[in-house]
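Working notes, structure below.
The values are calculated or read from the model by the stated rules, or taken from the named source; none is laboratory data. Not measured: the values here are computed from a predicted model. For neighbour counting, all protein chains shown are included, and Cβ atoms are generated from backbone atoms with ideal geometry for every residue, glycine included. Just so you know, the surface numbers come from the protein's heavy atoms only, side chains and all, with ligands and any DNA or RNA stripped out. Shrake-Rupley method; radii C 1.70, N 1.55, O 1.52, S 1.80 Å.
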Amino acid sequence: MDFRTYLRNHPDTNGFFGDYGGAYLPDELKEPFAEITEAYLTICHSAQFINELRRIRREFQGRPTPVYHCERLSRKLGTCQIYLKREDLNHTGAHKLNHCMGEGLLAKYMGKKKLIAETGAGQHGVALATAAAFFGMECDIYMGEVDIAKQAPNVTRMKILGANVIPVSRGLKTLKEAVDAAFEAYLNDYKNCIYCIGSALGPHPFPMMVRDFQFVLGKEAREQFLEMTGFFPEAVCACVGGGSNSIGMFTPFLNDPVELIGVEPLGRGTRLGEHAASMMYGDNGVMHGFMSKMLKDANGGPAPVYSIASGLDYPSVGPEHAYLHDSERVKYVAVTDEETIDAFFKLSQCEGIIPALESAHAVAYAMKYARQHKSGAILVNLSGRGDKDVDYVVEHYGYGEKYRFQN
């Protein structure tokens with residue numbers, strides 16, 4: 001496939017990336033989503049909108065975020081070098097603000113008064129609450145009760161920022177149920193609000209919009225790495241749940257001689273219900289208004305999923321990832337909870353950087369890659385910082401003594 005014109009042709013006018021994507025909506029939501037599509041396509045090429053978003057990124061978010069060479073960690077593992085795109089240094093501590101500020105600016109253009117969203121790890125919720133405060137809007141965040149308990153620091157941050165955090169107690173009380181509840185709330189009040197989906201998924205145009213808003217992080221990383229080293233990395237990797245940070249990281253590299261690797265959560269093992277590796281173990285299916293790879297139960301519905309990282313425990317994945325998987329341009333792998341915790345502590349202890357558990361999945365794979373390769377470099381999107389996870393990690397794993405490198 002020629003990727004030089006990829007962004008121009010994907011998705012198509014109906015929101016499909018090959019067989020994946022689209023907008024599978026109840027009749028009452030077709031008009032609101034058509035309104036969002038028209039508004040986005042109107043302003044995405046507007047110099048006024050683009051310049052305002054660039055100003056926000058520069059003056060409010062603190063972009064560009066740097067690329068960092070993990071010299072000590074790399075030396076411990078061998079001679080292959082690990083580099084990090086430091087999205088943990090983006091304002092609010094993760095990549096999520098990249099698309100939340102874009103969605104907030106779009107909502108302002110459309111005359112909406114409220115932002116609605118779901119959140120799992122809480123980073124999307126914090127980012128959207130931040131955007132709502134910046135633009136002077138109301139904000140409702142739906143969050144499963146299990147994730148509220150695991151991510152207490154982020155819940156506190158959302159409330160301080162003025163958002164209403166609405167607990168979801170149905171089902172497994174995690175991310176999938178939070179999405180269900182947020183969709184229902186949007187259906188009841190779409191004239192006054194906009195549903196700001198937290199990843200590169202959902203009905204068209206959200207997979208396209210989120211990708212476009214997240215493109216900035218991969219574009220920066222590509223330019224920064226070339227400037228630092230004079231060559232491309234052998235590989236680029238990022239964690240994949242819904243897929244916003246990874247699609248933003250991958251798309252600027254699609255036409256380059258670089259291996260692209262998405263890292264899914266294998267959790268406790270390969271049995272259904274013990275992981276959330278939908279790309280590796282899922283089948284084609286429709287949920288939350290789009291077609292993609294999906295983990296299914298015995299009845300063909302969304303299966304129960306699990307990950308130590310609340311932002312990755314979702315039974316499907318963004319449709320563009322499914323397309324890139326089928327086209328064989330991106331390779332998808334999975335790492336376990338134990339590998340993730342090992343990477344969490346080793347990055348913290350070697351480099352003084354505490355990663356989000358979501359991001360630690362990508363670091364875990366990069367460490368494995370570095371042990372297997374005698375030369376070259378791998379560039380990792382460190383999509384978020386681990387402040388939100390430290391209480392949970394210490395409660396269950398202590399302070400990481402058993403994960404230290406043995407000299």
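Quick look at the values:
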read-out: Test: residue in the stretch 214-232 that is assigned to a strand (DSSP E or B) and either open to solvent by less than 10 Å² (accessible area, probe 1.4 Å) or of a type in the set (A, V, I, L, M) (or both); value: no
read-out: Phe134, sole failed condition from (1) open to solvent by less than 10 Å² (accessible area, probe 1.4 Å); (2) part of a helix (DSSP H, G or I); (3) within 17 Å of Ala94 (Cβ to Cβ); value: (1)
read-out: Where a residue in the stretch 59-73 is at positive phi and its partner, wherever it lies, is modelled with pLDDT of 95 or more and not in a strand (DSSP E or B), with Cβ under 8 Å and at least six apart; value: Gly62/Leu89; Gly62/Asn90; Gly62/His91
read-out: Whichever residue in the stretch 73-96 is among the aliphatic types (A, V, I, L, M), open to solvent by less than 10 Å² (accessible area, probe 1.4 Å) and under 17 Å from the mean Cα position of the chain (by Cα) and, among such residues, is farthest from Val393 (Cα to Cα); value: Leu84
read-out: Long-range neighbours under 6 Å by Cβ, at least six apart or interchain, first residue over 18 Å from Tyr6 (Cβ atoms) within the stretch 236-256, second charged (D, E, K, R) and open to solvent by less than 10 Å² (accessible area, probe 1.4 Å); value: Val240/Glu264
read-out: Helices (runs of 4 or more DSSP H) contained entirely in the stretch 15-81, each with at least 1 residues that are aromatic (Phe, Trp, Tyr); value: 27-43, 47-56
read-out: Of all residues making up the stretch 276-289, the number that are under 17 Å from the mean Cα position of the chain (by Cα) and either closer than 22 Å to Ala360 by Cα or assigned to a strand (DSSP E or B) (or both); value: 4
read-out: Test: residue in the stretch 5-19 that is loosely packed, with under 12 Cβ neighbours inside 10 Å and in contact with a strand residue (DSSP E or B) (Cβ under 9 Å, 6 or more places away or on another chain); value: yes
read-out: When residues of the stretch 257-282 are limited to those that are hydrophobic (A, V, I, L, M, F, W, C) and without any contact (Cβ under 8 Å) to a residue 60 or more places away in the chain, the one surrounded by the most Cβ atoms within 10 Å (Cβ to Cβ); value: Ala276
read-out: Number of positions in the stretch 97-131 that are in a strand (DSSP E or B), open to solvent by 10 Å² or more (accessible area, probe 1.4 Å) and at pLDDT below 95; value: 1
